[in-house]
Amino acid sequence: TLASDLQKQRGKSLVIAGETQSPAVHALAHAINHALGNIGTTVVYTEPIEASPVNQFAALKQLVGDMNSERVELLLMIGGNPVYDAPAELNFVAALRKIPLRVHLGLYNDETAEQCQWHIPEAHYLESWGDARAYDGTVSIIQPMIYPLYNGKSSVEVLAVLLNKPGLTGLEVVKEHWKTQIGGDFEKAWRQTLHDGVLAGSALAALTVSPRAAWASSLKPEVASGIEIVFRPDPNIFDGRFVNNGWLEELPKPITKLTWENAALMSPETAVKKLNLASEARPFEANGKVIEIESNGRKVSAPVWVLPGHAHDSITLALGYGRTRAGKVGTGIGFDAYRLRTSDAPSFTTDVKIRVTDARMDLASTQEHFSLEGLGERQIIRTGTLAEYKKDSNAIFGAEKHEPGRDLNLYSHFEYKGYSWGMSIDMNSCVGCNACVIACQAENNIPIVGKELVKKNREMHWLRIDTYFRGSIDNPETYFQPMLCQHCEQAPCEVVCPVAATVHDAEGLNVQVYNRCVGTRYCSNNCPYKVRRFNYLLYNDYETPSLKLMRNPEVTVRSRGVMEKCTFCVQRIMHAKIESEKENRAIRDGEIVTACQQTCPTEAIRFGNINDEESGVSKLKKEPRSYGVIAELNTRPRVSYLADLRNPNSELESTVKREESQHG
């Protein structure tokens, strides 16, 4: 079925192999693209940026061999943390200690810095001049946003010292290099490059290539046996470099919704039938049970997390945890999966032994926090296929129920003569990446609370991503829904507040007045969307100097005892109003961009004035796909959603359903 689909889209299709796949898989992907006529259209080849590409693992092995043979007198490590994340079999620490002089340039005083006589504080890349190349060879000049806050040094400045050019600034080093490359009127070209962001004409030329004859004969098929271990960077803290960032630690991970640690992810079938961790009727009882994983003679203990849709006979381990020197926040969290990762098998290994222990860990997942009751009846998630939508959109999404009871009101209708703010979120575009959540946290000075309070449902995020599964537990459909204060026109929170701390303003915003709030939490209890947060404790640190620089000065830093929630970034609204009033004009559509909207990589969020018929948000709200969550309560939310449309291959869908029925 897939092959037939690709053949029908010759020259317009694309087959991609993941970066962790073997050379054989990548070779197959290249060959398929060539056979489909995709070369030169969806696939472009260029010469490698490096004249002689280097196998990084082979180079590191050679370096460790030289270190063990005591042929290295001075080792300068620029960035990175090889003491923590070098392949396990190299035993990098023992080799490093044999070097007489060890120097580390890094952002953090980490495990590698601890083993060195000299640690040079590195300037952040936003504090440094530098350059970079894109995949196609295009050159970009990196410009700093600010001077180094703590007198750090960039990599180019350190290398300049080693090249007997001490005292040169990063700007001077970068300009000196590109003077020899650009030629002509350098100053004009330099300024143009800084203006444009890229160096004109620096992209590499496209090449015409074709597979070698008998290329397939050199490929050796992989033979799977037993359970495999897959190593992946953590979706929040990456390879461990961000482990000391409390925002990212408390950010629920996509799909699993785990916070503050990693786990051994596996399918229900693997947990039940292969490891006997739970019963078939209750596979999620395996969550938190600790298993011992052994590979190549090294062992780690990891808590289990059962994940619907995960591949069978496979266990995913997130890298980046188990740090021993990562600051107050990141040290000692989770387990270190790098201990099992080797240079010969950096992405996955089948050399695995699993032992089930009697231990158990209490993991902090937010998947069931702030649940909207009655999900089946309320149609919080509305979805359908493209064919169904074209046939009858009302039948699929219930457009007639968009705003039921519009004329049923205990109060007189308020007329918004000026601005009337609203938001539309496209469920078709949201990929659950959590970028909006962390943007909201940064913009609004939202504190973290720690693992123990997260387990008590007390996380403070004003915006969350709800994850829903539909279908079989082994192959479910997955849906993501950003959920924030809906700024209801008839807000249930407002009528129960005894001190009028939550009120409506003349532009449709549901406003929270911190100075009035006395912490009754009636509003939270009465909110059907469960989007209001109460700060039980004083979570904010008012003393640490670096944290003062982190906060947005335009947003109040709350003390304990008040209710918090989304404000549609009212500080940005006010800024736009002030600027427009200076120019004696109305706010233009798109002039106000909320933090979540600004950060969304798929542009799923749109904000604006719904009184303006020509605004983007007004047009989206008129689409047949538009609906309000729990609109039957007559809350009249100002946040609407565009229902999720899918366009499955009918032949493939029937095949999958047939196989699922055969396997029960």
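Below is a table of values for the structure above.
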item	result
Placed amide H near Glu564: partners under 5 Å, 5+ positions off or other chain	Arg533, Phe534, Asn535
Accessible surface of the chain, 1.4 Å probe, proportion on carbon and sulfur as whole %	53
3J(HN,Hα) from dihedral phi, segment 65-73, Karplus parametrisation 6.51/-1.76/1.60, rounded to Hz, x for glycine, proline	x, 5, 5, 5, 8, 6, 9, 10, 9
Pairwise label distance in nanometres, Phe186 with Leu149, each label 7 Å out on the Cα-Cβ vector	3.4
Amide H within-cut-off set for Tyr321, under 5 Å, with H built and near neighbours excluded	Ala337
Alpha-carbon centroid distance for the pair segment 481-533 / segment 548-576, whole angstrom	16
Amide hydrogen neighbours beyond the local backbone of His504, cut-off 5 Å, H modeled	Val511
Degrees between helix 186-196 axis and first principal axis of the chain (Cα, 0 to 90, nearest 10)	40
Note, ³J(HN,Hα) from phi for segment 109-120, Karplus 6.51, -1.76, 1.60, rounded to Hz, x at Gly and Pro	7, 9, 4, 6, 4, 4, 8, 10, 6, 10, 10, 9
Whole-Å distance, taken between Cα centres, linking segment 582-604 and segment 144-174	37
Solitary cysteines of the chain, where the nearest other Cys Cβ is not under 4.7 Å	Cys116, Cys430, Cys433, Cys440, Cys488, Cys497, Cys517, Cys527, Cys569, Cys600
Cα long-axis angle, helix 23-35 against the chain (0 to 90 degrees, to the nearest 10)	70
Cα gyration tensor shape of segment 295-373, rounded if a/c is under 1.5, else prolate or oblate by comparing a/b with b/c	oblate
Mean accessible surface per residue for the chain, computed with a 1.4 Å probe while every protein chain stays in place, in Å²	53
For peptides 282-290, 422-430, sequence by mean Cβ density within 10 Å, most packed first	422-430, 282-290
Rounded, prolate or oblate (a/c below 1.5 giving rounded, otherwise prolate when a/b exceeds b/c) for segment 11-139 by Cα gyration tensor	prolate
By accessible area with a 1.4 Å probe, ligands and nucleic acids excluded, highest first: order of Leu386, Leu107, Leu319	Leu107, Leu386, Leu319
DSSP-assigned coil residues among chymotrypsin sites (Phe, Trp or Tyr not before Pro) in segment 46-149, each with at most 13 further Cβ atoms within 10 Å	Tyr135
By average C-beta atoms within 10 angstrom, highest first, the peptides 24-34, 640-650	640-650, 24-34
Ellipticity estimate at 222 nm from DSSP helix runs (n ≥ 4, -39,500 (n - 2.57)) divided over the chain, nearest 500	-6500 deg cm²/dmol
Antiparallel %, DSSP beta bridges [both residues in the chain], to 5	60
Calculated from backbone phi, Karplus (6.51, -1.76, 1.60) coupling profile of segment 619-633 in Hz, x at Gly/Pro	5, 5, 5, 8, 5, x, 6, 6, 8, x, 6, 6, 5, 5, 7
Highest-first arrangement of 517-527, 542-552, 60-70, where packing means the average Cβ count within 10 Å	517-527, 60-70, 542-552
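The values are calculated or read from the model by the stated rules, or taken from the named source; none is laboratory data. Note that the structure is predicted; figures quoted are calculated from it, not measured. As a convention, Cβ positions derive from the backbone with ideal geometry for all residues, glycine included, and neighbour counts pool all protein chains shown. Quick note on the areas: whole protein, heavy atoms, side chains included, nothing else; ligands and nucleic acids left out. Shrake-Rupley method; radii C 1.70, N 1.55, O 1.52, S 1.80 Å.
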